[in-house]
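Some notes on the structure that comes next.
The values are calculated or read from the model by the stated rules, or taken from the named source; none is laboratory data. Here the structure is a predicted model, which means the values were calculated and not measured. Here the Cβ positions follow ideal geometry from the backbone for every residue, glycine too, while neighbour counts run over all protein chains shown.
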Amino acid sequence: MSSKALPILPGATLGILGGGQLGRMFTIAARTMGYKVMVLDPDFASPAGQMADVHLQADYTDHGALKQLGAACAAVTTEFENVPAASLIELANHCRVSPGAQCVAIAQDRSHEKSWLAENGFATAPFALVYNEGDLDQGIADTGAPALLKVARFGYDGKGQARVNSLEEARAAFREFGGQPCVLEGFVELEREVSVVLARDDAGECALFPVAENRHENGILDVSIVPARVPGALAEAACSMARDVAGTLGYVGVMAVEFFVAGGRLLVNEIAPRPHNSGHYTLDACVTDQFEQQVRALCGLPLGDTRLLSPVAMVNILGDRWRDGGPNWGALLAHPNIKLHLYGKETARAGRKMGHFNVLDADLDAALRLAEQMRHAL
């Protein structure tokens with residue numbers, strides 16, 4: 001859709017590839033705005049499928065399902081980056097697709113992503129591409145040890161990665177990963193991690209959400225603190241770099257750029273071509289949330305106001321909490337400034353994201369204190 005094309009208005013059907021929690025929240029936003037939603041996901045119990053008008057239970061490469069989706073929908077988006085790029089290309093023959101296949105293909109493969117960032121002048125932690133065991137010798141020489149060995153594809157939330165302290169450990173980890181392509185990343189003196197969620201429209205206009213400060217546990221996002229407790233100049237630099245990443249990609253839609261702060265410098269860690277876990281605070285704390293923004297960008301509508309209405313701390317709720325009788329919801333809901341979001345997943349597993357809650361307070365420190373208390377009270 002060019003900047004002059006007519007926007008897609010309520011009453012139209014929108015499609016989404018992927019039926020997890022991000023798809024669920026997109027579906028809720030779209031239906032609230034008056035759109036119909038068709039979800040393609042192989043899981044019969046998918047969280048998004050529960051909320052959609054139509055759930056196509058099929059594989060992402062199923063040509064019949066893709067044809068049905070393309071015929072019914074005015075536009076289609078994705079909720080995760082591991083959708084086959086070929087499926088997006090096939091859909092683009094029938095309807096508007098955002099983000100485009102090329103952007104998704106770069107972000108879904110760590111080796112492509114790191115190479116693209118380096119080639120386009122975006123600073124990253126030291127890295128080396130590993131396609132076979134022999135590449136590890138030079139790789140360790142380039143990155144130093146300790147380092148992180150990460151599979152190039154299908155790794156997320158700490159899965160598919162291993163800390164290696166020597167060449168021997170790197171070789172063992174590479175074999176454990178089945179010899180698949182990997183990226184070896186050198187460690188940096190990490191001060192903190194931040195992220196920027198933004199939307200970019202067809203005309204190249206960007207709307208950026210406030211910078212989030214993120215804390216991880218076991219490779220999984222634990223808490224996001226907004227506004228990030230960083231100098232104003234660093235927050236501005238993160239926004240500027242995120243805008244440049246989106247512009248260089250020619251991206252249309254909602255995306256996130258994750259950064260390491262090391263030695264006062266910003267290093268790009270990852271690009272996510274979709275709404276992001278660290279943007280869940282926007283559901284309660286911003287004029288427009290990231291999922292309404294996803295609808296707006298997909299439909300060619302003006303991007304929404306991203307102003308922060310209240311300082312906020314977002315806490316992930318993982319499946320580990322369901323041990324010993326399940327979470328103590330009463331303790332959480334006793335606080336009028338806490339907003340709970342559960343994802344409708346049937347099975348709780350350790351490390352699985354089951355929901356999150358946002359703590360809003362005019363005093364950021366007070367919001368963070370209550371968030372920490374509730375993490376333990378659950």
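Given the criterion farther than 14 Å from N269 by Cα, assigned to a loop (DSSP other than H, G, I, E, B) and assigned by TED's automatic domain parsing to the domain that holds L234, identify the matching residue among A199, A145, A203, A207.
Going through A199, A145, A203, A207 in turn, the sole match is A203.
Please state which of the following conditions E193 fails to meet, knowing it meets all the rest: (1) on the phi > 0 side of the Ramachandran plot; (2) under 21 Å from the mean Cα position of the chain (by Cα).
(1)
Hey, any hits in the stretch 252-263 for a residue that's assigned to a loop (DSSP other than H, G, I, E, B), more than 23 Å from L190 (Cα to Cα) and of a type outside the set (S, T, N, Q)?
yes
Considering only the stretch 250-264, how many residues are farther than 13 Å from A199 by Cβ and surrounded by 18 or more Cβ atoms within 10 Å (Cβ to Cβ)?
Result for the stretch 250-264: 4.
Residues in the stretch 59-75: is at least one touching a Ser or Thr at 6+ places or on another chain (Cβ under 7 Å) and under 23 Å from V197 (Cβ atoms)?
The answer is yes; a qualifying residue exists.
Of the residues V104, V76, V39, which single one is within 22 Å of M255 (Cβ to Cβ), at pLDDT below 95 and either hydroxyl-bearing (S, T, Y) or crowded, with 21+ Cβ neighbours inside 10 Å (or both)?
Step by step, each of V104, V76, V39 is checked, and only V104 is within 22 Å of M255 (Cβ to Cβ), at pLDDT below 95 and either hydroxyl-bearing (S, T, Y) or crowded, with 21+ Cβ neighbours inside 10 Å (or both).
Only helices (runs of 4 or more DSSP H) wholly contained in the stretch 280-378 count here; list those with 2 or more residues that are within 30 Å of A74 (Cα to Cα).
282-285, 290-299
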